[in-house]
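First comes the structure, then the notes that go with it.
The values are calculated or read from the model by the stated rules, or taken from the named source; none is laboratory data. In this text, all values refer to a predicted model and were calculated from it rather than measured experimentally. With ideal geometry, Cβ positions are generated from the backbone for all residues, glycine too; neighbour counts draw on all protein chains shown. Just the protein is used for accessible areas: all its heavy atoms, side chains included, with ligands, DNA and RNA removed. Shrake-Rupley method; radii C 1.70, N 1.55, O 1.52, S 1.80 Å.
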Amino acid sequence: MNHEATLLIDRSSRRRTRGWFGTLSVGISLFITGSPAQAQSEAARLKEKDAQIANLTAEIERLKAALGQTKPATAPAAATTPAAAPAATAASTTVSTVDPNSDKDEQGLRMSAFEVRTTQGMGYSPGNSASALKTSESLMNLPAQIIVVTNDMIRDIGSNNASDVLSYAGLVPYYRGPAIMSRGSRVGNPYMDEVPQAVGIGVTDNTNVDSYQVIKGPQQALYPLASLGGLVLQTSKKPLAGRSQTRLDLKVQQWGRTTFTFDTNQPLATIGEAKFTYRLVGISQNGEGPLYNSKDDRNGIYPSLAFDWKDTNVTLQYGILTYKYLPGGTGILTPDGGIYTGLGHRNQNSPPGNNDRNQMGDIRLSWTQRLSKTWQAKSQVYYMKVRRHGSTAFPTGVNWANNTMTYTVRRNSGDQYAFDVQTDVSGKYTIAGMPMTSAFGFNLHDQTGESKFLIASAASIPGFTGVTIPIGNAAAINSIVLPKYSDYIDGPNPGTRTRQLVDNGYFMQTVDIIKDRLTVAAGGTYSYIETTTNTNLALRNPFVSTNSAETEILHRYAVVGKITKDLSVYVSESTTFNPAVGTDFNNNPLPPVLGKSQEVGFKTSFQDGKYSFSLAAYKMDLTNQTVLAAFPAVNVAGLNYYIPIGDTESKGWDASFAVSPVQGLQIVGTAYKGTVHDFNGNPIAATVENSWSLFGRYDFERSGALKGLAFGGGAQKAGGKWFTTGGLTLPNGQAYPANSSGNRIFKLKQDVLVNLFTEYEFNKNWTFRVDCVNVLDKAYAIGAQGVGLADIVDPRTFSFRASFEY
């Protein structure tokens, strides 16, 4: 259960949004299906011709490379449809040789040092990460573990949740949604176009996400509020100048849930060299899902408009997403760390109507400008508004001695606003024969949130009595009647308001000491973070508040050596700084957190990227660490609080690979093993010690009898997930033994999750697909925030998807 504040636009706005979305969805469907057959035929003919040209270009470049005339080009086959030859693109794009100063890539898509506009059609392994570390260098030249999850791979994984997708990129879910763990510990929510999404929403949707970039290790020198374990950069879907494409998807799940998505990109006008392009993306998901009384309804729309003229790109984006969901789950944990399934896998103790209503609206204006052939600048302004509200119930006490569970009934109410201004400048030049790159910029982040969560009691709801029922009684679960949102009565302290100001300015310098052999990168960051909390919204004059303001100078330096053109090694050190979140038991603010990470790694890429591998070993130290007190414990002010545990040490290794051993086959994989220990060498709650994942796809030859057919899937597992025992009573009534640090923790049971799919491209326009999630029908907790707030993996579930594009 997510206990952070969020915010929601008013009810009349929601009604207008639903009406607008429904009308627009129907209009788009009629537009697509009503297009003349001649237009479809012409579009298919042009697409086929483009694919032939791209494939011919790829073959020419390959032959040139074989003759030593030039380096192989990057991903020319990406102009083909994703299903046509994804393995071929994967084989040719693991290491990019695109000139980062070039205004266009081989697909005619505009690129910059700050972003790749799309990864559609690139297979699973693109070579140029672009925005990672504020540079357009090849992954082989970047001193960090970076994994790019492309648009093709996101579609093949087939989930709208970030945690489900990122499980195949070396991360582990904290709970389903945006909550993720990297190198053993929880990290912040994924950034969107390099702006932190520091909101307490328990679910997001990736319908408008083109790709993910996972960057391991501390990167706060470049990205404000980044965690020590790493961060995730989401790249949104933006208008693509010169492209005319539309795609409709309808997915039907066996339990009755349907998901309809659309994505259309069309030129609006061309005036001289100026091009105007629009893109419209949307989702509508409704119906019963795999778990009883657990909604996951999503309705969102994302219009955007781009202006491209010579060396200038200006993009305006808007998005609004409404969903009903209860983040964190309501499953209960068994004494051995498993999840209770006595009522069957689908029944996870949720009463009827148990969900929050959330809405997130945002708007972004970005301007990318090429200042010269080698210098570029990008600025963006971003505003976000979010609200969460609902009346919910979830088990917070599980007593296996008397076989009962006790629910907490709560009003969830939160509002949040965020305003960001960001500018980045990057340039390449040569001094004394040494190629150099300079990058500098600043970030301003201003965020305000109100938290007005209220636990139901006789004081907040007259006549209310506690809810304790027998474990395994479905009738008792379904008989729980939740109070209306309007039934709750605020007490003398209705909630808190927190405002956080983050100022971050950086300068990074890269120098090729020995060209193509030895590179040194170093830089510093000025970071200022101020947090002000109004601890009682009922008080106006005077306010009762706490305030903390901290300043740090952070550094990051690295050395990259290329042993051969196919093998590079690196060492790096980075520091990080964040104010502590929340207060202690006495409601006092906590001291700031300082961190340092040291890392050594190597990367390989053989046979033009057909075989790529990376491995890194790291050690990270953090000061002033805390753990969240087990819910529903509150401090003297009636708020959730944190328990200081002192310094912590994380160390371990992680690895990733991408291979394409034969035509049509592509496989990617990850592995992690490490520990997060306190000053006594004991493990810490909410950490994970190991994980692995595999994902692949095979496309049959286009000229064979099985042309158009593809199949694939993945497997993943996490282990050593430590969890607090607060709220859990053992069958004999005794408590778990405490370790030498005084903590009572145990491991969550985990299992192997296997997902499979098969896909058939019927013709140029139609593709059909069948998915099976959790093929082995395992039952375990994806994550947990309490002994009765466990998120269970879905039971074995089949779905059918039909896609139409032109």
Starting with the highest mean, order 508-517, 791-800 by the number of other Cβ atoms within 10 Å, averaged over the residues of each peptide. 791-800, 508-517
Just to confirm, what accessible area per residue do you get for the range 289-404 at 1.4 Å probe, in whole Å²? 33
Please report, in whole Å, how far the alpha carbons of the range 558-622 spread along each principal axis, starting with the longest. 61, 22, 13
What's the carbon and sulfur percent of the range 374-429's accessible surface, probe 1.4 angstrom, rounded to a whole number? 57
Might you tell me the accessible area per residue for the range 145-187, computed with a 1.4 Å probe and given in Å²? 15
Ranking 766, 400 from most to least accessible area with a 1.4 Å probe gives 766, 400
Taking the Cα-to-Cβ direction at residue 770 and at residue 278 and moving 7 Å from each Cα, how far apart do the two end points lie in nm? 4.0
Whole Å is fine, so just give me how far the alpha carbon centre of the range 283-317 lies from that of the range 124-190. 19
Any idea how far apart residue 475 and residue 526 come out in nm if each label point goes 7 Å out from Cα toward Cβ? 7.0
Cβ-derived FRET efficiency at R0 22 Å, residue 401 paired with residue 747, nearest 0.05: 0.55
For the range 692-752: accessible area per residue (Å², 1.4 Å): 50
Diffusion coefficient, µm² s⁻¹, Stokes-Einstein with Kirkwood Rh over alpha-carbon pairs of the range 634-744 at 4 °C and 1.567 mPa s: 70
Over the range 590-685, what lengths in whole Å, largest first, do the semi-axes of the equivalent ellipsoid take, defined as the square roots of 5 times the eigenvalues of the alpha-carbon gyration tensor? 40, 17, 10
The value for the range 134-242 (convex hull of the alpha-carbon atoms, volume per residue, Å³) is 113
How far apart, in nanometres, would the label points at residue 758 and residue 465 be if each is projected 7 angstrom from Cα along the Cα-to-Cβ direction? 5.6
Between residue 551 and residue 705, what length comes free when the chain is fully extended (0.36 nm per residue of separation minus the Cα-Cα distance, one decimal in nm)? 48.9 nm
Give the calculated FRET efficiency between residue 739 and residue 379 to the nearest 0.05, with a Förster radius of 45 Å applied to their Cβ-Cβ distance. 0.35
Compare 264, 448 by solvent-accessible area with a 1.4 Å probe and give them largest first, with all protein chains kept in place. 448, 264
Between the range 754-782 and the range 421-435, the Cα center-to-center distance that results, in Å: 45
In the range 409-493, how does Rg compare with the Kirkwood Rh, expressed as the Rg/Rh ratio over alpha carbon atoms? 1.45
Could you compute how fast the range 392-439 diffuses translationally, taking Rh as the Kirkwood radius over C-alpha pairs and applying Stokes-Einstein at 10 °C with viscosity 1.306 mPa s? Give it in µm² per second. 92
